[in-house]
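Below is one structure, written out as structure tokens, with a few remarks after it.
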């Protein structure tokens, strides 16, 4: 399947699937709001106002989401949290994407004992309690964005490597790979110039389904106080702060929790729709 066929099928599915259009539209609106909202708001996510603590959501003074226990505007902090959460999730998914494609494509193409050793290493890593290793990593070393990217990406690349390996084993039997071998194309170029582009359909679908997983891991770390640190914030950190104020100011918990749930649902609906786009069974229709 070439790029033109993928684009044509994607366009057709977008016209056909309401769930893809709806979820993609909501994600676009949230992303745009997170990008420009904090800039146009009259309030700053860092400014405290102890005389304006626990203001309920209201249009007066443009306190759309109310204020927290320090008088900070929750609307701006929620949009900033969405921005940080999406940034961490997308970059972490790209890290797992790069490692998983390279590892899985090499293992699937080379085959034999090298493939067996590489996949046994993956099996061994599966047995490790990664979430505890990530927590240990965050405790021992300085907590920063880069470390969060690496830690979450290190969790997700194993599944990607398995999927890419399976697809590579199938693709290396195709005629275009045999033709490349006959004209003397080196193996590394066959892997990254001929096989990898044909994996993009499956990879794109899987990335849209792993972004929610990365968001949940980041939110879990921030909820434990091991993720994004003040003065920055994320949806997980806001949920953590809202739990302690749940009885007095329920909106501090409900608003970031609802935003987090909407983002996760939209990515899952988008991934399901893209899976229909790239489903090989549709080629026979």
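Could you go through the stretch 140-147 and let me know if any residue there is modelled with pLDDT of 75 or more, in contact with a helix residue (DSSP H, G or I) (Cβ under 8 Å, 6 or more places away or on another chain), assigned to a helix (DSSP H, G or I) and surrounded by fewer than 22 Cβ atoms within 10 Å (Cβ to Cβ).
Within the stretch 140-147, not a single residue is modelled with pLDDT of 75 or more, in contact with a helix residue (DSSP H, G or I) (Cβ under 8 Å, 6 or more places away or on another chain), assigned to a helix (DSSP H, G or I) and surrounded by fewer than 22 Cβ atoms within 10 Å (Cβ to Cβ).
For the stretch 20-68, which residues satisfy the criterion of being under 15 Å from residue 267 (Cβ atoms) and in contact with a helix residue (DSSP H, G or I) (Cβ under 7 Å, 6 or more places away or on another chain)?
20, 21, 23, 24, 26, 27, 30, 31, 34, listed by residue number.
Would a scan of the stretch 47-60 turn up a residue that is out of contact with any strand residue (DSSP E or B) (no Cβ under 9 Å at 6 or more places or on another chain), without any contact (Cβ under 8 Å) to a residue 12 or more places away in the chain and in a helix (DSSP H, G or I)?
yes
Which of (1) part of a loop (DSSP other than H, G, I, E, B); (2) modelled with pLDDT of 85 or more; (3) over 25 Å from residue 110 (Cα atoms) does residue 128 not meet, given it meets every other one?
With (1) part of a loop (DSSP other than H, G, I, E, B); (2) modelled with pLDDT of 85 or more; (3) over 25 Å from residue 110 (Cα atoms) applied to residue 128, the lone miss is (2).
Go through the stretch 234-246 residue by residue and tally those that are over 22 Å from the mean Cα position of the chain (by Cα) and over 15 Å from residue 53 (Cβ atoms).
So the answer is 2.
For the condition in a helix (DSSP H, G or I) and either over 22 Å from residue 121 (Cα atoms) or modelled with pLDDT of 85 or more (or both), what is the one hit in 166, 184?
166
So which of 82, 164 is in contact (Cβ under 8 Å) with a residue 12 or more places away in the chain, under 30 Å from residue 55 (Cβ atoms) and surrounded by 23 or more Cβ atoms within 10 Å (Cβ to Cβ)?
82
Please state which of the following conditions residue 36 fails to meet, knowing it meets all the rest: (1) at pLDDT 85 or above; (2) surrounded by 13 or more Cβ atoms within 10 Å (Cβ to Cβ); (3) more than 22 Å from residue 214 (Cβ to Cβ).
(2)
Can you work out which of the residues in the stretch 252-268 that are in contact with a helix residue (DSSP H, G or I) (Cβ under 8 Å, 6 or more places away or on another chain) and surrounded by fewer than 20 Cβ atoms within 10 Å (Cβ to Cβ) is modelled with the lowest pLDDT?
Taking the candidates together, the pick is 268.
Enumerate the pairs (first residue in the stretch 256-282 and within 12 Å of residue 206 (Cα to Cα); second residue anywhere and buried (at least 16 other Cβ atoms within 10 Å of the Cβ) and modelled with pLDDT of 90 or more) with beta-carbon separation below 9 Å, excluding pairs fewer than 6 apart on the same chain, so at least 6 apart or on different chains.
267/27; 270/27
Check residue 243 against each of (1) touching a helix residue (DSSP H, G or I) at 6+ places or on another chain (Cβ under 8 Å); (2) free of Cβ contacts under 8 Å to residues at least 40 places away in the same chain; (3) surrounded by fewer than 20 Cβ atoms within 10 Å (Cβ to Cβ); (4) closer than 13 Å to residue 85 by Cβ and name the one condition it does not meet.
(4)
The values are calculated or read from the model by the stated rules, or taken from the named source; none is laboratory data. Fair warning: this is a prediction, and the values are worked out from it, not measured in the lab. Here the Cβ is made from the backbone with ideal geometry for all residues, glycine too, and neighbour counts use every protein chain on show.
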